[in-house]
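> I'd like to ask some things about the structure below.
The values are calculated or read from the model by the stated rules, or taken from the named source; none is laboratory data. Given the structure is predicted, the values throughout are model-derived calculations rather than measurements. Using ideal geometry, Cβ is built from the backbone for each residue, glycine included, and neighbour counts are taken over all protein chains shown.
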Amino acid sequence: MSNPLHPENHLPDDQTIIAQTRAWVKNVVVGCNFCPFASREVQRDSIHYEVIRSEGMETCLEAVLRECKRLDEDAAVETTLLIFPGAFAQFEDFLELLELGEALLLEHDYEGTYQIASFHQDYCFADAPADDPANYTNRSLYPMLHLLREASLDRVLENYPDPEGIPERNIAFARQKGLAHMQLLREACLETMS
């Protein structure tokens, strides 16, 4: 279950993984304007990064609940990225984690409070070929679940022109830049060290 970008015995330490992920958020998510409110949160340093080393589904789901509680208790944390560097290398396994994570939010009365966005090194939109540059709008360095505060998201999107068009604009941007550009942009973030 190793990450193809990082053979299992070569996984960086947590600080490096966080530094690489911060670089990916800054250079890809913000740099390509894939998320309309990420720039503000990067500037405010209000994103919490949590590395989960377990490969066990139950432990990873417990981490999702733990991060919901962190968001409940700490208003200074706007959003959390849960990073799973040694697990869910197969995209299908990751989709199972996402599905179970969303069910967990519902079960613990977090639906409507938090929502989950997902990122994976092999992210592939339904019916898209694996080499479609559009996949890079959600292709991260490691499997990740992104916990967002729904009220904050609603507030930002209220003042954002045509929020429904964000995915289409992101896809058009990535395709216009091309596969090689999107791959290089993401892989450059791996050079970041803690």
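> For TRP24, only one of the following conditions fails: (1) over 17 Å from GLU150 (Cβ atoms); (2) crowded, with 19+ Cβ neighbours inside 10 Å; (3) without any contact (Cβ under 8 Å) to a residue 60 or more places away in the chain; (4) of a type in the set (Phe, Trp, Tyr). What is its number?
(3)
> What are the residues in segment 6-38 that are at pLDDT below 95 and touching a Phe, Trp or Tyr at 6+ places or on another chain (Cβ under 6 Å), if any?
PRO36
> Please specify each residue of segment 51-85 satisfying the condition of being β-branched (Val, Ile, Thr) and closer than 17 Å to ILE18 by Cβ. Can you show your working first?
Restricting attention to segment 51-85, the residues satisfying the condition of being β-branched (Val, Ile, Thr) are 51-52, 59, 64, 77, 79-80, 83.
Answer for segment 51-85, where residues must be β-branched (Val, Ile, Thr) and closer than 17 Å to ILE18 by Cβ: VAL51, ILE52, VAL77, THR79, THR80, ILE83.
> I'm checking my understanding of the structure. Among residues of segment 174-194 that are polar (S, T, N, Q) and in a helix (DSSP H, G or I), which one is surrounded by the fewest Cβ atoms within 10 Å (Cβ to Cβ)? Working first, answer last.
We begin by selecting, within segment 174-194, every residue polar (S, T, N, Q); these are 176, 183, 192, 194.
Within this subset, residues satisfying the condition of being in a helix (DSSP H, G or I) are 176, 183.
Values: GLN176: 9, GLN183: 14.
Only one residue tops the list, namely GLN176.
> Looking only at segment 156-168, how many residues end up being assigned to a helix (DSSP H, G or I) and either under 26 Å from GLU99 (Cα atoms) or polar (S, T, N, Q) (or both)? Reasoning before the result, please.
The initial filter retains those residues of segment 156-168 that are assigned to a helix (DSSP H, G or I), namely 156-158, 163-168.
Among the residues that remain, those that are also either under 26 Å from GLU99 (Cα atoms) or polar (S, T, N, Q) (or both) are: 156-157, 163-168.
Selection size over segment 156-168: 8.
> Just to be sure, is TYR142 in contact (Cβ under 8 Å) with a residue 60 or more places away in the chain and under 19 Å from THR79 (Cα atoms)? Explain how you work it out, then say what you get.
Values: in contact (Cβ under 8 Å) with a residue 60 or more places away in the chain: yes; under 19 Å from THR79 (Cα atoms): yes.
So TYR142 fits the description; yes.
> On to the next question. Filter segment 111-169 for residues that are farther than 19 Å from LEU61 by Cβ and of a type in the set (Ser, Thr, Tyr); which is surrounded by the fewest Cβ atoms within 10 Å (Cβ to Cβ)? If you could, list the steps in order and put the result at the bottom.
So the first thing to find is which residues in segment 111-169 are farther than 19 Å from LEU61 by Cβ, and the list is 112, 121-141, 149-169.
Still in the running and of a type in the set (Ser, Thr, Tyr): 123, 136-137, 140, 152, 160.
Numbers: TYR123: 21, TYR136: 25, THR137: 23, SER140: 25, SER152: 14, TYR160: 12.
Per the stated criteria, the residue is TYR160.
> Looking at ASN3, is it surrounded by 14 or more Cβ atoms within 10 Å (Cβ to Cβ), farther than 30 Å from GLY165 by Cβ and at pLDDT below 95?
Details: surrounded by 14 or more Cβ atoms within 10 Å (Cβ to Cβ): yes; farther than 30 Å from GLY165 by Cβ: yes; at pLDDT below 95: yes.
Yes.
> Consider segment 45-58. How many of its residues are within 16 Å of MET144 (Cβ to Cβ) and of a type in the set (Ser, Thr, Tyr)?
Residues that pass the stated criteria total 2.
> If you take the residues of segment 56-92 that are crowded, with 17+ Cβ neighbours inside 10 Å and of a type outside the set (A, V, I, L, M, F, W, C), which of them is nearest to the chain's Cα centre (by Cα)?
The qualifying residue nearest to the chain's Cα centre (by Cα) is THR80.
> Pairs only if they're at least six apart or on different chains, beta carbon under 6 angstrom, first in segment 78-102 and on the phi > 0 side of the Ramachandran plot, second surrounded by fewer than 22 Cβ atoms within 10 Å (Cβ to Cβ) and in a loop (DSSP other than H, G, I, E, B); list them, first residue then second.
Here the result reads none, with nothing in segment 78-102 linked to a residue that is surrounded by fewer than 22 Cβ atoms within 10 Å (Cβ to Cβ) and in a loop (DSSP other than H, G, I, E, B).
> Find the residue count for segment 146-186, including only residues that are in contact (Cβ under 8 Å) with a residue 12 or more places away in the chain and within 30 Å of HIS10 (Cβ to Cβ).
Result for segment 146-186: 11.
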